Amino acid sequence: RQQYIETLERNSDRLKHLIEDLFEVSKVQSGNVALNLVEVDLVSLIRQVHLECEQALNEKNLEVRINSSDEKILLQLDSAKAFRIFENLLLNISKYAMNSTRVFIDVMNLENSVKVIFKNISEQELDFNPDEITERFVQGDASRNSQGSGLGLAIVKSFTELHHGHFH
């Protein structure tokens, strides 16, 4: 009985998160979401997200290297949504990266923009259309159906575009 209860709890929690994620994506795509913009130091935010995701990253023995200048990069962002962008990316990496590899996060303050690049080595070779991977319920590998909902990158793309950014 206890095992069945644990399975039910795990599955209901997964469904709850799936519904919440789908609701978030739908709100953004319908234009029914407001941003609470504040000045945020982008590099500090990324470091904070890294610390929050550290346990998941350590479980796969992933070494994260954040490359940025020492200067602050201050941007007007909705800090909660920006946090979610980077959290989703790092959690995806923690799920699908090859064990015992390095993860690189490059933050570049360019003349008229800021560019953030996440790089890792995938555990499985991926064969997908990069334009489709950010659509709802699409995953890079059909065998991934047990770990994710296929909404993580759709949320990243939606929240990035909400901030007038571009996600590739």
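The values are calculated or read from the model by the stated rules, or taken from the named source; none is laboratory data. Worth saying up front: this structure is predicted, and the values here are computed from it rather than measured. Heads up, the Cβs are rebuilt from the backbone with ideal geometry, glycines too, and the neighbour counts pull from every protein chain shown. To get the accessible areas, we keep the full protein, side chains included, count just its heavy atoms, and leave off ligands, DNA and RNA. Shrake-Rupley method; radii C 1.70, N 1.55, O 1.52, S 1.80 Å.
Which one, Leu57, Val33, Ile46, is farthest towards the positive end of the dipole of the stretch 24-73 when Lys and Arg carry +1 and Asp and Glu -1 on their Cβ?
With unit charges placed on the Cβ atoms, the residue in question is Val33.
Please report Rg (one decimal) and Dmax (integer) in Å for the Cα set of the chain.
16.7, 61
On the full set of protein chains, 1.4 Å probe, figure out the accessible area of Ser158 and give it in Å² to the nearest 10.
10 Å²
Express the accessible area of the chain per residue in Å², computed with a 1.4 Å probe while the remaining protein chains stay in the model.
65 Å²
Given R₀ = 30 Å, what would the calculated FRET efficiency be for Leu22 paired with Arg65, taking r from the Cβ atoms and rounding to 0.05?
Step by step, r from the Cβ atoms, then E = 0.35.
Could you compute how much accessible surface Glu39 exposes when probed at 1.4 Å, giving the result in Å² to the nearest 10?
120 Å²
Is the shape of the stretch 1-80 rounded, prolate or oblate, going by the alpha carbon gyration tensor and its root eigenvalues a ≥ b ≥ c, with a/c under 1.5 for rounded and a/b larger than b/c for prolate?
oblate
If ligands, DNA and RNA are left out, what is the accessible area of Thr7 with a 1.4 Å probe, given in Å² to the nearest 10?
Result for Thr7: roughly 50 Å² accessible.
Going by average Cβ density within 10 Å per residue, which order do the peptides 30-37, 67-74 take, highest to lowest?
The packing order, highest mean first, is 67-74, 30-37.
Can you give the net charge of the other residues whose Cβ lies under 9 Å from the Cβ of Val64, counting K and R as +1 and D and E as -1?
Neighbour charge sum, excluding Val64 itself: 0.
In what sequence, largest accessible area first, do Glu9, Glu87 appear using a 1.4 Å probe?
Descending accessible area places them as Glu9, Glu87.
Pairs Lys95/Lys119; Lys81/Lys119; Lys16/Lys157; Lys72/Lys115: which exceed 19 Å Cα-Cα?
On the way: Lys95/Lys119 14 Å; Lys81/Lys119 21 Å; Lys16/Lys157 21 Å; Lys72/Lys115 14 Å.
Beyond 19 Å between Cα atoms: Lys81/Lys119; Lys16/Lys157.
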